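**Student:** Here's a structure for you.
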């Protein structure tokens, strides 16, 4: 079920002289060779995107929306094929991969509808004058998507660009290219004009440094780590190019004394291990009221130990491998640092098995503030559980990192909820659920977690410019 790996430029598929291996992280076996773009490929993509923008920006919102909906319908029809490709290259359980395909289709469906709602407005003016505000597509978009969600992360970028009337050059992740390739195939089959969507792979530094400096590129859209996001923002600033940055997180979970302790602990343990913890909104730093701390830890650890780890293609598996081999020693180092500084490893903490990039579901308890993991997002199946004495203490601890993407709370007290909504420094805050966003809600961070929003009625804002028009009936 794994697709042939190619670049998609100017409406055609191509190979290159350079390639790299794509590996199944559960078996460490090669899935295929991925062509890597050189400068001439990138220049071809730029030329195609400029022509694609000329055509696509002139299309009506309904025409754009209809094309996007046709492509989304094809993705739904091809759900199983796409899901199997994702599990092979990423490792996540097949059930989660199937859900990701539908979530990706939903992003397209929502933004297709938003294409019809990019309203301007008329501002009252003196007689003989008219002020109006127009929203217009910003231009060619250079987008960069990560490896943790091979389908839905590219979908966010492509959906926003195409619904707004922009063309896009997407550099998707080399570790997990199949999701983006399936999206490009769906749009090709849906009749998207050549050059509107271009897909490249290759050396990230080479591609970003070449594309971002081009005058034709008017928006850089990136999802990934904060250090890389800062670097790309610096490159974009040299050309006064707009940016949309969805960067790293280190999500706090505040567990208040009035909650259902068992239900909160089980929910936390299940969600922490989803996608092997490789989620920018993954609940990681649990701050639990000391009155219920021991009970919460016991229930959380018990459920974490029950997590079924294995090949994502096998029935009943809840957690697959990490997506690449470099994450295994990185997580082990975080655990060892915490242990050396006084933390208790309640379960896990090491590589799982001898084949594949598996890591044990891990729970660290009573982790000191100077441990690396209290400041560094683990991006893996590691949960930190610490006691707090009060809501004041919990909020202060939650806000003690430079990140602010997502935050969560378990409580039934209205006064607690009101305080946390106002005071927890995140772009997405959820109460009694560990779901951070839906296609119809805006998603993005504050502080070092980036700026701009994807999804919701705000999701197309970054892909459009605002033009003010002053029309006078007479020459004045």
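Each reported figure results from applying straightforward, stated rules to the coordinates on display, with no laboratory input. Bear in mind that the values here come from a model prediction, so they are computed numbers and not experimental data. Note that each Cβ is placed from the backbone with ideal geometry, even for glycine, and that neighbours are counted across all protein chains shown.
**Student:** Take every DSSP beta bridge whose two residues both sit in region 251-438, then give the antiparallel share in percent to the nearest 5.
**Tutor:** Of the beta bridges lying entirely in region 251-438, close to 15 percent run antiparallel.
**Student:** Tell me, rounded to the nearest percent, the portion of alpha carbon pairs in region 38-81 spaced more than 11 Å apart.
**Tutor:** It works out to 71 percent of all Cα pairs.
**Student:** Follow-up. Could you work out the relative contact order of the chain? I mean the mean sequence separation of Cα pairs under 8 Å and 6+ apart, divided by the number of residues, in percent.
**Tutor:** 18
**Student:** Also, I was wondering about something else. Given a Förster distance of 60 Å, report the FRET efficiency between residue 413 and residue 476 from their Cβ-Cβ distance, rounded to the nearest 0.05.
**Tutor:** The formula returns an efficiency of 0.50 here.
**Student:** Just want the ordering: 472, 448, 85, from fewest to most Cβ atoms lying within 10 Å of their own Cβ.
**Tutor:** Fewest-to-most ranking of 472, 448, 85: 472, 448, 85.
**Student:** Starting from 0.36 nm per residue, how many nanometres of slack lie between residue 438 and residue 47 once their C-alpha separation is accounted for?
**Tutor:** Result for the pair: 137.3 nm of gain on full extension.
**Student:** While we're on this one: Report relative contact order for region 251-438 in percent, whole number only (criteria: Cα-Cα under 8 Å, sequence separation at least 6).
**Tutor:** So the answer I get is 28 percent.
**Student:** Enumerate the whole-percent occupancy of each 5 Å bin, from 0 to the last occupied one, for all C-alpha pair distances of region 188-244.
**Tutor:** Bins of 5 Å from zero give 4, 16, 26, 23, 15, 9, 5, 1 percent of pairs.
**Student:** Send over the Kirkwood Rh of region 251-438, from the inverse of the averaged 1/r over different Cα pairs, rounded to one decimal Å.
**Tutor:** One decimal place: 16.4 Å for the Kirkwood radius.
**Student:** Another question, if that's okay. Can you classify region 50-105 as rounded, prolate or oblate using the Cα gyration tensor, where a ≥ b ≥ c are the square roots of its eigenvalues, rounded means a/c under 1.5, and otherwise it's prolate if a/b beats b/c and oblate if not?
**Tutor:** Taking the square roots of the gyration eigenvalues as a ≥ b ≥ c, region 50-105 is prolate.
**Student:** In terms of the ratio Rg/(2.2 N^0.38 Å) built on C-alpha atoms, what value belongs to region 242-348?
**Tutor:** Here the Cα radius of gyration is 1.19 times the empirical estimate.
**Student:** In addition: Quick one: Cα convex hull volume of region 1-159, Å³ per residue?
**Tutor:** 137
**Student:** Here is a follow-up. Sort 63, 174 by Cβ crowding within 10 Å, fewest neighbours at the top.
**Tutor:** Ranked by crowding around the Cβ, least crowded first: 63, 174.
**Student:** Could I ask something else about it? Based on DSSP, what percent of beta bridges with both residues in the chain are antiparallel, to the nearest 5?
**Tutor:** Expressed as a percentage, antiparallel bridges in the chain total about 45.
**Student:** Where the centre of each part is set by its Cα atoms, how far does region 226-259 sit from region 335-392, in angstrom?
**Tutor:** Spelled out, the Cα-based centre of one part sits 22 Å from the other.
**Student:** Do the sum for the chain: with -39,500 (n - 2.57) for every DSSP H run of n ≥ 4, divided by all residues, what is the mean residue ellipticity at 222 nm, to the nearest 500 deg cm²/dmol?
**Tutor:** -11500 deg cm²/dmol
**Student:** Give me 167, 430 ranked fewest to most by other Cβ atoms within 10 Å of their Cβ, as a rough exposure proxy.
**Tutor:** 430, 167
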